[in-house]
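S.K.: The following block contains the structure, expressed as structure tokens.
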Protein chains: 2
Amino acid sequence: MKHIVDLSWQQNMAFETEMDGHKVTIDASPESGGDDLGPRPKKFMLTALAGCTGIDVIMILKKMKVVPESFNVIVEADVTEEHPKKYYQLKVVYQFKGKDLPMDKLEKAVKLSEEKYCGVSAVYRKAMDMKTEIRIIE
Amino acid sequence: MKHIVDLSWQQNMAFETEMDGHKVTIDASPESGGDDLGPRPKKFMLTALAGCTGIDVIMILKKMKVVPESFNVIVEADVTEEHPKKYYQLKVVYQFKGKDLPMDKLEKAVKLSEEKYCGVSAVYRKAMDMKTEIRIIE
């Protein structure tokens, strides 16, 4: 199977594409000469990871009949100072809100995503150091 | 320096985040139980790459006084059949439209992005096979 993304230059430094029927715009910051018509591209690497593992976890928890009040996936990435400015270390924080959430099931869902299902995580792990944290707030 | 993305679960399998002040929604497909409120997450890996190298190339070409009529960055990715379903091979096609475009400058701009500036490319190259193609259409 193939996935294809076709990004089309619009003006100055802005690009546009359609992903699964949804328009996505990318642009450089005004400090870099762009017009901020959309987010900077590199951070989409983190959004890809957070979304991939987030959907896995909420899907697995649903099957386990665990429904948090709220759920956030926070990805913190360290960026190198020199060119190419790239991520070299990631921390994925799974933050759940709710009363009496069963930690063992949360851990199992996160582990299943990270080790079995999340294809983004599987690629990044080959290229950099990755940490995981599970947080419950009440 | 750190980059942080905070993805917040909305409903069913939809997540939302704000990137550089722009709202981004991610969702699963209806076939996977989602509501298609936004694109699937994994493809954002490809958008990150296309945007990163696309902005580099158009910025470098501008300095070289080369302005194409149109410019697309097309990323084709092969996905594994088994879990975790991940990209294992990428091809980046730089497609320029214009008359008398100087191939040597296009090649130089692409090479500078791939070898010096694009931090997304630098990470993916550690994890998978990557190919490049430059196409000129008139």
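S.K.: What's the number of the only condition in (1) more than 7 Å from chain A (Cβ to nearest Cβ); (2) free of Cβ contacts under 8 Å to residues at least 40 places away in the same chain that B:His22 fails to meet?
M.R.: All conditions pass for B:His22, except number (1).
S.K.: While we're here: When the residues of segment B:28-66 are narrowed to those that are part of a loop (DSSP other than H, G, I, E, B), more than 8 Å from chain A (Cβ to nearest Cβ) and at negative phi, which ends up surrounded by the fewest Cβ atoms within 10 Å (Cβ to Cβ)?
M.R.: B:Met64
S.K.: Can you find, within segment A:1-19, the residue that is farthest from B:Glu81 (Cα to Cα) among those that are assigned to a loop (DSSP other than H, G, I, E, B) and either facing another protein chain (nearest Cβ under 7 Å) or open to solvent by less than 30 Å² (accessible area, probe 1.4 Å) (or both)?
M.R.: A:Met13
S.K.: Right, A:Phe71: open to solvent by less than 60 Å² (accessible area, probe 1.4 Å) and over 18 Å from B:His3 (Cβ atoms) or not?
M.R.: yes
S.K.: Take A:Val75 and decide whether it is in a strand (DSSP E or B) and in contact (Cβ under 8 Å) with a residue 24 or more places away in the chain.
M.R.: yes
S.K.: Being more than 7 Å from chain A (Cβ to nearest Cβ) and more than 24 Å from B:Leu112 (Cα to Cα) is the filter here, so list the residues in segment B:67-80 that pass it.
M.R.: B:Thr80
S.K.: Across segment A:114-138, what is the total count of residues that are more than 17 Å from B:Val79 (Cα to Cα) and touching a Phe, Trp or Tyr at 6+ places or on another chain (Cβ under 9 Å)?
M.R.: Final tally of qualifying residues: 10.
S.K.: A further question follows. Out of curiosity, is B:Lys99 at pLDDT below 95 and not in a strand (DSSP E or B)?
M.R.: So B:Lys99 fits the description; yes.
The values are calculated or read from the model by the stated rules, or taken from the named source; none is laboratory data. This is a predicted model, so every value here is computed, not measured. Quick reminder, even Gly has a Cβ in these numbers, built from the backbone with ideal geometry, and neighbours come from all protein chains shown. Remember, those area values only see protein heavy atoms, side chains included, never the ligands or the DNA or RNA. Shrake-Rupley method; radii C 1.70, N 1.55, O 1.52, S 1.80 Å.
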